[in-house]
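J.: Below are the structure tokens for one structure; questions will follow.
The values are calculated or read from the model by the stated rules, or taken from the named source; none is laboratory data. None of the values given here were measured: they were computed from a predicted structure. A quick note on method: Cβ atoms are made from the backbone with ideal geometry, for glycine too, and the neighbour counts reach across all protein chains shown. These accessible areas exclude ligands, DNA and RNA; they are computed on the full protein's heavy atoms, side chains included. Shrake-Rupley method; radii C 1.70, N 1.55, O 1.52, S 1.80 Å.
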Amino acid sequence: MTLTKQEQETIITYNEAEATANVYTHNRALRRRLEALANERPEDCHKSRDFPSGAVEYTVPKQWVKLTPPRVASEAQKAAARAALDKMRAKREF
């Protein structure tokens, strides 16, 4: 069964009553990460189901579900980072 890119969803569901969340995904990188977490921490993360479409569903602690926006650096912070990088590069050349 071939799904279009639009049909290959990632869905994270949880409710206020339970301490776990369900992650349904087609995303390869996320599937690999969830598989690694299930191997490392089987008491916290485990595969619930495999789907014929290639999707998987995992159960994870609800605390693992986070939204992390990218950091916004000021111009001064960017300049300091550039200077530190230039200094590191100069050190490696010698």
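J.: Residues of region 22-54 being touching a Ser or Thr at 6+ places or on another chain (Cβ under 6 Å) and small (Gly, Ala, Ser), which ones?
T.: 48
J.: Kindly state which strands (runs of 3 or more DSSP E) lie completely within region 1-70 and contain at least 1 residues that are touching a residue at least 40 places away in the same chain (Cβ under 8 Å), in contact with a helix residue (DSSP H, G or I) (Cβ under 6 Å, 6 or more places away or on another chain) and surrounded by 14 or more Cβ atoms within 10 Å (Cβ to Cβ).
T.: Filter on region 1-70 gives 10-14, 20-25.
J.: Restricting attention to region 75-94, and to residues there that are open to solvent by 100 Å² or more (accessible area, probe 1.4 Å) and in a helix (DSSP H, G or I), which single residue is modelled with the lowest pLDDT?
T.: Ranking the candidates gives 93 first.
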